[in-house]
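The values are calculated or read from the model by the stated rules, or taken from the named source; none is laboratory data. It should be emphasised that the depicted structure is a prediction, and the values quoted were computed from it without experimental measurement. Here Cβ is always computed from backbone atoms with ideal geometry, including for glycine, and neighbour counts include all displayed protein chains.
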Amino acid sequence: MAVTSAPTGYHLLVPPGWRRFTADLEGKQQLIALASAKLKSLGRPDIDAQVRTLIEQQWSRLATLRADGVYMPGDDESAPVTPMTLAVLRQVAPPGLPFGERVRELARTAPTPIETPMGVVHRWETSERSTGELEGTSSRLVGYGIPVPGEEPDRGVIVLVSIPYPNDADRVLVDGLVELADTIVETFRWR
């Protein structure tokens, strides 16, 4: 009988021009500087403040959730300007519970189990309208729970994709970004 060891990491393919940011203060500062430079070059200082607020909110939440890394369009000029972010969170279920329970806890809704070649992936999707400084915008959150391989896994990763957009955005564009998220997550492999 072959003994297999637990995965030590993962691989994830992202579109050309995307890069990984660490989910710490340094990564947040790099992202804010990059976003501000792009928005200034577009002549949109009005959006710069909104984007900074979004980044601050997302980074606070990511720190709470123990994010491993955040992926999004980087400093490559060929990459489209999109506020879409993808975060990978390493998670462990409470003692005695399967990983799927941790996924349901984070999702706050019943994820849909999807059979894939690497095993079951738990997927969910939610939408919410922003208030306060970000009133007039909404966001769609797509989540994926990917357990480590094994009979009864208690750990894995959660991949969270956040897609903020103006309330009057073309729904076809937003749905296209959700499809892009699904496509990226299909490339996930344990290492």
(request) Kindly indicate which of Asp182, Asp175, Asp170 is modelled with pLDDT under 90, out of contact with any strand residue (DSSP E or B) (no Cβ under 6 Å at 6 or more places or on another chain) and among the charged types (D, E, K, R). (result) Asp170
(request) Inspect the range 41-55 for any residue being over 19 Å from Val159 (Cα atoms), outside any helix (DSSP H, G or I) and among the hydrophobic types (A, V, I, L, M, F, W, C) and give the result as yes or no. (result) yes
(message) Of the residues Thr187, Thr137, only one is over 22 Å from Ser5 (Cβ atoms) and either at pLDDT 90 or above or among the small types (Gly, Ala, Ser) (or both); which?
(response) Thr187
(request) Go through Val121, Val161 for me and flag whichever is in a strand (DSSP E or B), touching a Ser or Thr at 6+ places or on another chain (Cβ under 8 Å), of a type in the set (Val, Ile, Thr) and in contact (Cβ under 8 Å) with a residue 40 or more places away in the chain. (result) Val161
(request) Among the residues of the range 50-105, write down those that are modelled with pLDDT under 85, farther than 21 Å from Pro166 by Cα and buried (at least 21 other Cβ atoms within 10 Å of the Cβ). (result) Leu62
(request) Looking at (1) at pLDDT 85 or above; (2) over 19 Å from Pro164 (Cα atoms); (3) touching a strand residue (DSSP E or B) at 6+ places or on another chain (Cβ under 6 Å); (4) part of a loop (DSSP other than H, G, I, E, B), find the lone condition where Gly27 falls short. (result) (4)
(message) Need the failing condition index for Ala33 against (1) more than 27 Å from Leu173 (Cβ to Cβ); (2) exposed (fewer than 13 other Cβ atoms within 10 Å of the Cβ), just the number.
(response) (1)
